[in-house]
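Structure first, then comments.
The values are calculated or read from the model by the stated rules, or taken from the named source; none is laboratory data. Everything numeric here is computed off the predicted structure, so don't read it as measured data. Note that we place each Cβ from the backbone using ideal geometry, even for glycine, and neighbour counts take in every protein chain shown. We work out accessible area using only protein heavy atoms, side chains counted, and drop any ligands, DNA or RNA first. Shrake-Rupley method; radii C 1.70, N 1.55, O 1.52, S 1.80 Å.
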Amino acid sequence: MEEKKKKGSWEPQSLQTAIDKVMSKELSVKQAAMQYNIPKSTIHDKIKALNRGEEVTMKLKLGRFTSTFSAEYEQVLVDHIKDLSNRCMPLMKKEFLKLAYDLAEVMKIPHRFNKEKGSAGKHFYYDFMKRHSDISLRAPESTSMMRAVGFNKPQVDLFYDNLEKLMKQYKFTPSRIYNCDETGVSCVHKHQKVLAPKAIRQVGKLTSAERGKNITVLFCMSANGHYIPPFFVFPRQRMNERLMVNAPAESIGMAQPKGWMNSDFFLQYLRIFVKHTQPTKENPVLLLMDGHCSHKTLAVINFCRENHIHLMSSPPHTTHKLQPLDRTFMKPFKDAYSQRCDLWIRTNAGCRITDYDIAGLVKEAFIKVARLDIAVSAFKCTGIYPFDRHLFSDLDYLAADMTNIPLEQTETSSNALNNEQVVVISNLIIEEQMKESEQSISEPITTSPKPSTSTAPDLVQIIHNLSPLSDAAKKRTAARKRKSERSEILTSSPYKKVAEEKENEKNMKDKKKEIKSKFKVAMGGKGKQTKRIKTKGKSVDKGKEATNVRPKGKKGSEVEPLTETSNTNITICVVCLEDTDEDWIQCSSCRGWVHEACADIPECGDGFICDRCRLF
């Protein structure tokens, strides 16, 4: 009895050899089948197809279908997946399987997908992933909309322009280029994956509390691997020396009610920075940082200019790409810190991590992560040193392009694929239109058919209807316009002038606010006729006498001085809220003082009433 051959047990090379022997008449079909252990029908069908002039593949094919989509179709799907991923809008597994089903239905491609669920199956998914090894199922990292929009080409080009200008002017070496940034640590650390029995549905792990307070830690490193001691800001009213027990050597801790960095603390840290870097006029230092308000005050700028430190800020919401500490240091540090917290809780059973233990845990994690290779790779992958302004390609700016679409192109370009995809799809449509008339449903299908009758714009619209790309241009038209931040050389003279103007404007506002508050105190009460003035929810009592005294009342007459009941001796004009010494006149209603020039009355009579009393 002839032994039954197992399906698909032959090699493609054996099939090729058998066909060659039969075609050259060295062997018959039966002899070739027996010699090479290949089914006789397989050899016969291949030879018959070759005689008809058809293209024959020697690869194994079992069953009626080879694959649902052709290689061209799958490449379009792959390009679409990559495009969405580059735009920070990647597809989930279910969305991809539904997209494959919808595409097969719309393009009328025969398939074996589940019509009840409206989705492709797991076999299609695993085969597709096997054929395209450059795509994998990954856990995405949350990226805020502001980060996606902020990292755009104009902002990044300006950053590299400023950096190139400083590098050419001062010839900074790797040891003179630094980056500083703050991060937060807490008593309640994050957990990593653990080993546990499969039978347990929920695996627990101890933490110090439900929620912890945030302790700010400022780190700084150079392009050649030099690290400055960290700076701590604890969320407390007063600093305690015990908080810095086991802290990294020469590090400093401060207390602030919310644990936030402010301009005073940053100025104090700059003094530590100067101590460790020793900048001089002949050997200055470049310090890169984000654009936080605490880094851009006039006091900070003046201190850096005096000590030969060149400050440069990065564009807003771009630190995940342009800041060296964020690229290679912060993630390993957080992981190392969490591991140290786990070890501490396991070692100190029944104890909680408190603020007094943070500095020691940070020290252990800092020692583990503060390595030379991390610092060098951080400045390299951001294009800072060695300087490389062309490090980022157009794909890196795709997420920002989604919200930077010009208004005049919203109707035409918001629903367009890239040019290569359009060309591929157009060719597929033409080929399908030619072949659809020749193919019948009863014929066995050996390869997936080409697209059905359609035009390129129609198919583009179909694909984007199946897997849409949001058009953010319409939303941006209604958004409020405001001045956006950008990369700046903070120690430059133009920016210093801007900082001085802002500082003067702030001082003027503070002065007016102070005068206004003094005026409210001065107008606290003038007898029974005085109105009640509310300040911050509290009402000033009636019946108190005026606190301000002036020798003059109406023009040419003397006014009896009023009794002082407060510490202020400043008289405030009710109209202009200034205390300049001019001719005064007193309101007969509220008894407040007004400059005669502010009263704007040629001849003031006995019954003068100020504008404030007229309104109320």
Handout entry: Filter result for residue 96 (closer than 17 Å to residue 468 by Cβ, among the hydrophobic types (A, V, I, L, M, F, W, C), out of contact with any Leu (no Cβ under 6 Å at 6 or more places or on another chain) and not in a loop (DSSP other than H, G, I, E, B))
Key = yes
Exercise for the section: Within segment 156-188, count every residue that is β-branched (Val, Ile, Thr) and within 25 Å of residue 316 (Cβ to Cβ). Expected result: 4
Practice task
Check whether at least one residue in segment 245-264 is surrounded by fewer than 20 Cβ atoms within 10 Å (Cβ to Cβ) and in a helix (DSSP H, G or I), and report yes or no.
Solution key: yes
Practice task
Go through 393, 377 for me and flag whichever is of a type in the set (Ser, Thr, Tyr) and either at pLDDT 95 or above or open to solvent by less than 30 Å² (accessible area, probe 1.4 Å) (or both).
Solution key: 377
Practice task
Select from segment 189-211 the residues that are under 30 Å from residue 314 (Cβ atoms) and either hydrophobic (A, V, I, L, M, F, W, C) or free of Cβ contacts under 8 Å to residues at least 60 places away in the same chain (or both) and list them in ascending order.
Solution key: none
Handout entry: Extreme residue, farthest from residue 284 (Cα to Cα), among residues of segment 140-166 that are touching a Phe, Trp or Tyr at 6+ places or on another chain (Cβ under 9 Å) and open to solvent by 30 Å² or more (accessible area, probe 1.4 Å)
Key = 153
Fill in the blank from the handout: Taking segment 277-288 and keeping only residues that are under 15 Å from residue 218 (Cα atoms) and either of a type in the set (S, T, N, Q) or modelled with pLDDT under 95 (or both), one is left with none
Handout entry: Selected residue (criterion: nearest to residue 493 (Cα to Cα)) from residues of segment 299-312 that are open to solvent by less than 30 Å² (accessible area, probe 1.4 Å) and out of contact with any strand residue (DSSP E or B) (no Cβ under 6 Å at 6 or more places or on another chain)
Key = 301
Exercise for the section: Could you grab the pairs with beta carbons closer than 7 Å, sequence gap of 6+ or different chains, first residue in segment 75-86 and of a type in the set (Asp, Glu) and in a helix (DSSP H, G or I), second one crowded, with 17+ Cβ neighbours inside 10 Å and at pLDDT below 85? Expected result: 79/421
Handout entry: segment 309-326 residues that are charged (D, E, K, R), paired with ones that are outside any helix (DSSP H, G or I) (beta carbon under 6 Å, 6 or more apart)
Key = 321/151
Practice task
Could you list, in sequence order, all residues of segment 111-154 that are of a type in the set (Phe, Trp, Tyr) and part of a loop (DSSP other than H, G, I, E, B)?
Solution key: 113, 151
Handout entry: Subset of segment 167-180 (residues that are surrounded by 20 or more Cβ atoms within 10 Å (Cβ to Cβ) and touching a Ser or Thr at 6+ places or on another chain (Cβ under 7 Å))
Key = 177, 178
Problem - Unique residue being among the small types (Gly, Ala, Ser) and under 23 Å from residue 386 (Cα atoms) when the list is 313, 338, 263, 294 - result: 313
Practice task
Could you tell me whether any residue of segment 68-88 is modelled with pLDDT of 90 or more and in contact with a Phe, Trp or Tyr (Cβ under 8 Å, 6 or more places away or on another chain)?
Solution key: no
Fill in the blank from the handout: Subset of segment 253-295, residues polar (S, T, N, Q) and in contact (Cβ under 8 Å) with a residue 12 or more places away in the chain, comes to 256, 262, 263, 268, 277, 280, 283, 294
Exercise for the section: Would you check if residue 578 is open to solvent by 50 Å² or more (accessible area, probe 1.4 Å) and either at pLDDT below 70 or over 25 Å from residue 508 (Cβ atoms) (or both)? Expected result: no
Handout entry: Condition check for residue 318: surrounded by 18 or more Cβ atoms within 10 Å (Cβ to Cβ) and at pLDDT below 95
Key = yes
Problem - Those residues of segment 356-398 which are closer than 30 Å to residue 240 by Cα and touching a helix residue (DSSP H, G or I) at 6+ places or on another chain (Cβ under 6 Å), in sequence order - result: 356, 359, 361, 364, 365, 368, 369
Practice task
Looking for whichever is at pLDDT 80 or above, open to solvent by 70 Å² or more (accessible area, probe 1.4 Å), more than 30 Å from residue 141 (Cα to Cα) and assigned to a loop (DSSP other than H, G, I, E, B) here; the options are 48, 108, 4, 30. Which one fits?
Solution key: 108
Handout entry: Candidate set from segment 321-349 (those that are open to solvent by less than 10 Å² (accessible area, probe 1.4 Å) and of a type in the set (A, V, I, L, M)); member that is farthest from residue 193 (Cα to Cα)
Key = 322
Practice task
Answer yes or no as to whether residue 134 is closer than 22 Å to residue 87 by Cβ and charged (D, E, K, R).
Solution key: yes
Practice task
Output yes when any residue across segment 355-362 is open to solvent by 10 Å² or more (accessible area, probe 1.4 Å), among the small types (Gly, Ala, Ser) and without any contact (Cβ under 8 Å) to a residue 24 or more places away in the chain, and no when none is.
Solution key: no
Practice task
Output the qualifying pairs, or none if there are none: Cβ atoms under 6 angstrom, residues six or more apart or on different chains, first residue in segment 374-389 and within 17 Å of residue 153 (Cβ to Cβ), second residue assigned to a loop (DSSP other than H, G, I, E, B).
Solution key: 383/391
